[in-house]
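J.: Quick one: structure below, then a few questions.
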Amino acid sequence: MVMNSLDPNTILADYERDGVALVRGFLSTDEVRAIRAELDRYIREDLASKPADARTFEADDTTVRNLWRLEVHNAFFRDFAAREDLRSLIAPLVKGEPVLAGVETFNKPARIGSGVPPHQDNAYFCQTPADMLTVWIAIDPVTEANGPVTYVKGSHRLGPLPTKPSGVRGNSIGLAGMPAATEEERLVALLEPGDATIHHCDTIHYSAPNTTDHPRLGFLLVFRGSHTETDPALKAAYTAAVTMTPPA
């Protein structure tokens, strides 16, 4: 397994300094192939029988934008997220025992993949302390043209920023205002299949629509430290936004 050959000290240092660590070769070609095959099978054979909140469609109401709660609906992905090598890597970053909070996808399909407004994930996760992160694994190549995620390095140190409803289905809450950031402060995550980013839940990030002929599938694992708790104020703001723009 490729994960066993990664340098956890470098990943931790990058993560703590920038709020995001770029990790080349996070998964092997075979692991990426297995994830893609199971996602394709799940969409083809299982998704129609799942609750509406198991997915978000693009504007055509047909093409999958996101898959949600895969750890609930699919044993393959639940087992993948329980891997000991993964949990060992994550534990120092969440400052404690990792607890799986979600397995999901951001599909960004060719030509119609919608953008994601600038946001901090903890506006959705609503945890205190903010010891929570997302592992974002590329299943397709991520290029300048097909909607890469851009991270604002160091923004995790700003703490929770004011939010507003975005009106974007699947990303219902965004920043009320975008802080200024220089080019040097932005990490545009251009990835090959199997590469990953690991970002803090307060790190600002966003992505443009995909208007190319090339899909940009991301497979995401979300973990929190077992010591975190739900923040009532953050939860109230999120609930109001998601009520206005439900993910399904």
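J.: Please pick out the residue among Arg111, Arg55, Arg78 that is among the charged types (D, E, K, R) and closer than 30 Å to Gly159 by Cα.
T.: Numbers: Arg111 fails: closer than 30 Å to Gly159 by Cα; Arg78 fails: closer than 30 Å to Gly159 by Cα.
The unique qualifying residue is Arg55.
J.: Give Leu100, Leu39, Leu86, Leu27 a once-over and let me know the one that is buried (at least 19 other Cβ atoms within 10 Å of the Cβ) and outside any helix (DSSP H, G or I). Give the steps one after another, and end with the answer.
T.: Values: Leu100 fails: buried (at least 19 other Cβ atoms within 10 Å of the Cβ); Leu39 fails: outside any helix (DSSP H, G or I); Leu86 fails: outside any helix (DSSP H, G or I).
Just a single option satisfies the conditions, and that option is Leu27.
J.: Return a yes/no flag: does the stretch 29-50 have any residue that is at pLDDT below 95, on the phi < 0 side of the Ramachandran plot, more than 20 Å from the chain's Cα centre (by Cα) and polar (S, T, N, Q).
T.: Start the filter on the stretch 29-50 by keeping residues that are at pLDDT below 95, which leaves none.
No, the stretch 29-50 contains no residue that is at pLDDT below 95, on the phi < 0 side of the Ramachandran plot, more than 20 Å from the chain's Cα centre (by Cα) and polar (S, T, N, Q).
J.: Please work out which residue is nearest to Ile204 (Cα to Cα), limiting yourself to the stretch 110-131 and to residues that are within 16 Å of the chain's Cα centre (by Cα) and assigned to a loop (DSSP other than H, G, I, E, B).
T.: Here the answer is Gln120.
J.: Val72 fails exactly one of the following numbered conditions: (1) more than 26 Å from Pro209 (Cα to Cα); (2) in contact with a strand residue (DSSP E or B) (Cβ under 8 Å, 6 or more places away or on another chain); (3) at pLDDT 95 or above. What is the number of that condition?
T.: All conditions are met except number (2).
J.: So, of the residues in the stretch 172-195 that are under 27 Å from Val242 (Cβ atoms) and touching a residue at least 40 places away in the same chain (Cβ under 8 Å), which turns out to be surrounded by the most Cβ atoms within 10 Å (Cβ to Cβ)?
T.: Residue satisfying both the conditions and the ranking: Ile173.
J.: Which pairs turn up if I take residues in the stretch 128-143 that are in contact (Cβ under 8 Å) with a residue 40 or more places away in the chain and look for partners that are in a strand (DSSP E or B) and among the hydroxyl-bearing types (Ser, Thr, Tyr) with beta carbon separation below 7 Å, at least 6 apart in sequence or on another chain?
T.: Within 7 Å, the pairs are Trp136/Thr197.
J.: Further question on the same structure: Quick check, is Tyr151 in contact with a helix residue (DSSP H, G or I) (Cβ under 7 Å, 6 or more places away or on another chain) and of a type in the set (Phe, Trp, Tyr)? Full working, then the answer.
T.: Working: in contact with a helix residue (DSSP H, G or I) (Cβ under 7 Å, 6 or more places away or on another chain): no; of a type in the set (Phe, Trp, Tyr): yes.
It is false that Tyr151 is in contact with a helix residue (DSSP H, G or I) (Cβ under 7 Å, 6 or more places away or on another chain) and of a type in the set (Phe, Trp, Tyr).
J.: Next up: Could you tell me which of the residues Asn66, Asn4 is loosely packed, with under 14 Cβ neighbours inside 10 Å and in contact with an Asp or Glu (Cβ under 7 Å, 6 or more places away or on another chain)? Steps first, answer last, please.
T.: On the way: Asn66 fails: loosely packed, with under 14 Cβ neighbours inside 10 Å.
Every option except Asn4 fails the conditions.
J.: Here's something else I'd like to know. How about the stretch 132-173: which of its residues are among the small types (Gly, Ala, Ser), in a strand (DSSP E or B) and at pLDDT below 95?
T.: To start, the set of residues in the stretch 132-173 that are among the small types (Gly, Ala, Ser) comprises 138, 145, 147, 154-155, 159, 166-167, 170, 172.
Pick out the ones that are also in a strand (DSSP E or B) and you get 138, 166-167, 172.
Residues satisfying the conditions are Ser166, Gly167, Ser172.
J.: Here is a further query. Give me a count of the residues in the stretch 134-174 that are aliphatic (A, V, I, L, M), closer than 21 Å to Tyr15 by Cβ and in contact with a Ser or Thr (Cβ under 6 Å, 6 or more places away or on another chain). Lay out the reasoning, then the answer.
T.: Step one: filter the stretch 134-174 for residues aliphatic (A, V, I, L, M), giving 135, 137-139, 142, 145, 149, 152, 158, 161, 168, 173.
Still in the running and closer than 21 Å to Tyr15 by Cβ: 135, 137-138, 142, 149, 152, 158, 161.
Filter again for in contact with a Ser or Thr (Cβ under 6 Å, 6 or more places away or on another chain), leaving 149.
Within the stretch 134-174, residues that are aliphatic (A, V, I, L, M), closer than 21 Å to Tyr15 by Cβ and in contact with a Ser or Thr (Cβ under 6 Å, 6 or more places away or on another chain) number 1.
The values are calculated or read from the model by the stated rules, or taken from the named source; none is laboratory data. Quantities reported herein were computed from a predicted structural model and do not represent experimental measurements. Neighbour counts run over all protein chains shown; Cβ positions are idealised from the backbone, glycine included.
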